[in-house]
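Encoded as structure tokens, the structure appears first; notes follow it.
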């Protein structure tokens, strides 16, 4: 029975990886949407629009960590043609992503590290505010400023 469960898990995991490789643009947009949704939850708690909830805050940072681990592999050379082109949403990647892939990947590594540190340090609304401010300014904002194009 254990072998059967492990085999099913391996197949499902393999299919997920294969699907992400088939459509990395769709996968990265989904991850960014999840990040945005979670950032909204954190922001609402930090502003006092929602009560502080430690479990919800931990989920925010876990989502960020997960995205940071997956995103660098979702910008293969085969998706360069998307850069700078009108996208179905409001943003598309800048050609700078592929021109400076090492920096781009390093920013995701830092984002993951910062999310992990935030998950360990957030205990109340004040520590949440500090963590969200740090990640928003240094990680999200800095990367988006350099590597994301806004539709005109």
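Values quoted throughout were computed directly from the atomic coordinates according to the rules given, and no laboratory measurement underlies them. Please read these numbers as outputs of a predicted model, since none were measured by experiment. For neighbour counting, all protein chains shown are included, and Cβ atoms are generated from backbone atoms with ideal geometry for every residue, glycine included.
A compact table of results
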quantity: Residue order, fewest to most beta carbons within 10 Å, for 96, 123; calculated: 123, 96
quantity: Inverse of mean 1/r across different Cα pairs in region 24-150, Kirkwood, Å; calculated: 15.0
quantity: Cut-off 16 Å (backbone N to label point 7 Å along Cα→Cβ of residue 69), residues of region 122-143; calculated: none
quantity: Relative packing of 135-144, 104-113, which averages over residues the other C-beta atoms within 10 Å, highest first; calculated: 104-113, 135-144
quantity: Contour excess over end-to-end distance, with Cα ends at residue 37 and residue 150 and 0.36 nm allotted per residue; calculated: 38.8 nm
